[in-house]
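In what follows, a single structure is set out as structure tokens and then discussed.
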Amino acid sequence: MKVGIVGTGAVGSACALSLVLRGSAREVVLVNKTRKRAEAVATDIRYGAMLSPPVNIYAGGYRDLAGSAAVMVTAGVNEKAGGATDRNDPAGRLKLFSSNAQIYQDIIPNVVQAAPDAVLLIVTDPPDPLADVARGLARHRQVLSTGTFLDSLRFRTQLAGHFKVAPSSVEAQVLGEHGTSQVFLWSSARIAGVPVLKEIERRGWGPEEFKSQVEREVRFANITIIEGNGASQYGIGIVSARIAEAVLRDERIVLPIGSYHSCYGVTLSLPSVTGRGGVGEIIDPDLSEDERTALKRSADALKKVVTSSMTTDSSKE
């Protein structure tokens, strides 16, 4: 199976490396505005690819995306370049939306023309509203965002660290926006079946202080990484490869990723049955009243950004 990646910056390169190391696809084509960069990334990875499962990785143009089962779109202004690294700015990644929505106006039609049947996986920040832009341009519903999959893994990892257990023993999800309004499902978080909130109480920890600390660690993990490394790329690269695998193999695995939900009128993350056609079904999560309210608030924040952009664009006509 074939996967395409549009954009070979830090994130796109990490996605390519993850696809190769995990053996996610038999063929990977890299497309970039500067062809020379895509060729360099493909060549660099190819030299070590013989130590991974067989794969043909190469640079190409949009036409080379033909036959792709999935195309990742990672191109755009990143958080550091776009000034979205202020922990006190409630907009967070949404600050990048306007600039990257303009870039998508050129990219998505070219991708769809070359690979009309491909599932589009939106990785560029902010992925959720950009998925709505891509869906409108593609004129089909096979558009996903990486959503809160990485946030959920960060949530599990942080909980595992505090409780000194393996992350694989933790069940916990973040839903809604991949951004500052994301919703932590504390009510259903478990460690080997034991409610996390009950375990916090048993240990005599202050629940509100503990929750606030963990949420801050997860919500601003990207900024912490960027401050040290200049880009947050490897985690999202691995996550993107895993989503591509679910699509290529028609796994029907349930993942917290983004797709359009008519009840909210926007793309956001909910537990999603993911397979060949993208998201085929939503598993309605059991939420507390506070979590349900927070999810609605997250959807409203996303809708405001998308609606504002549409109003601005129409005023220019």
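Among the conditions (1) out of contact with any strand residue (DSSP E or B) (no Cβ under 9 Å at 6 or more places or on another chain); (2) more than 17 Å from Leu144 (Cβ to Cβ), the only one that Ser298 does not satisfy is (1).
Which residue pairs have Cβ atoms under 7 Å apart, sit 6 or more places apart or on different chains, and have a first residue in segment 53-67 that is touching a residue at least 40 places away in the same chain (Cβ under 8 Å) and a second that is surrounded by 13 or more Cβ atoms within 10 Å (Cβ to Cβ) and of a type in the set (Ser, Thr, Tyr)? Going by the 7 Å Cβ cut-off, there are no qualifying pairs.
Of the residues making up segment 229-287, those that are in contact with an Asp or Glu (Cβ under 9 Å, 6 or more places away or on another chain) and either among the aromatic types (Phe, Trp, Tyr) or on the phi > 0 side of the Ramachandran plot (or both) number 3. Taken over segment 228-277, the residue count meeting the criterion of being in a helix (DSSP H, G or I), farther than 25 Å from Arg297 by Cβ and in contact with a helix residue (DSSP H, G or I) (Cβ under 8 Å, 6 or more places away or on another chain) is 10.
Tallying residues that are touching a residue at least 60 places away in the same chain (Cβ under 8 Å), of a type in the set (A, V, I, L, M, F, W, C) and surrounded by fewer than 23 Cβ atoms within 10 Å (Cβ to Cβ) within segment 240-254 yields 1. Only one of the listed residues (Thr85, Thr43) is hydroxyl-bearing (Ser, Thr, Tyr), in a loop (DSSP other than H, G, I, E, B) and either under 18 Å from the mean Cα position of the chain (by Cα) or surrounded by fewer than 16 Cβ atoms within 10 Å (Cβ to Cβ) (or both). That residue is Thr85. Put simply, of Ser308, Ser262, Ser288 the only residue that is touching a residue at least 40 places away in the same chain (Cβ under 8 Å), surrounded by fewer than 17 Cβ atoms within 10 Å (Cβ to Cβ), among the polar types (S, T, N, Q) and farther than 18 Å from Val119 by Cα is Ser288. Filtering segment 10-30 to residues that are within 12 Å of Arg46 (Cα to Cα), out of contact with any strand residue (DSSP E or B) (no Cβ under 9 Å at 6 or more places or on another chain) and buried (at least 21 other Cβ atoms within 10 Å of the Cβ) leaves only Leu17. Looking at this structure, is Ile225 closer than 22 Å to Gly92 by Cβ, in a strand (DSSP E or B) and not basic (Lys, Arg)? Here the answer is no, as Ile225 does not meet what is asked.
From the set of residues in segment 195-213 that are part of a helix (DSSP H, G or I) and among the charged types (D, E, K, R), which is farthest from Ser288 (Cα to Cα)?
As a first pass, look at segment 195-213 and keep what is part of a helix (DSSP H, G or I): 196-202, 207-213.
Okay, now just the ones that are also among the charged types (D, E, K, R), so 198-199, 201-202, 208-209, 211.
Working: Lys198: 15, Glu199: 18, Glu201: 18, Arg202: 21, Glu208: 16, Glu209: 19, Lys211: 15 Å.
For segment 195-213, the residue satisfying everything is Arg202.
Could you grab the pairs with beta carbons closer than 7 Å, sequence gap of 6+ or different chains, first residue in segment 134-163 and over 16 Å from Met72 (Cα atoms) and crowded, with 24+ Cβ neighbours inside 10 Å, second one basic (Lys, Arg) and at pLDDT 95 or above? Between residues of segment 134-163 that are over 16 Å from Met72 (Cα atoms) and crowded, with 24+ Cβ neighbours inside 10 Å and residues that are basic (Lys, Arg) and at pLDDT 95 or above, there is no close pair.
The values are calculated or read from the model by the stated rules, or taken from the named source; none is laboratory data. Bear in mind the structure is a predicted one, so any value in this text is a computation, not a measurement. FYI the Cβ positions are ideal-geometry reconstructions off the backbone, even for glycines, and counts take in every protein chain you see.
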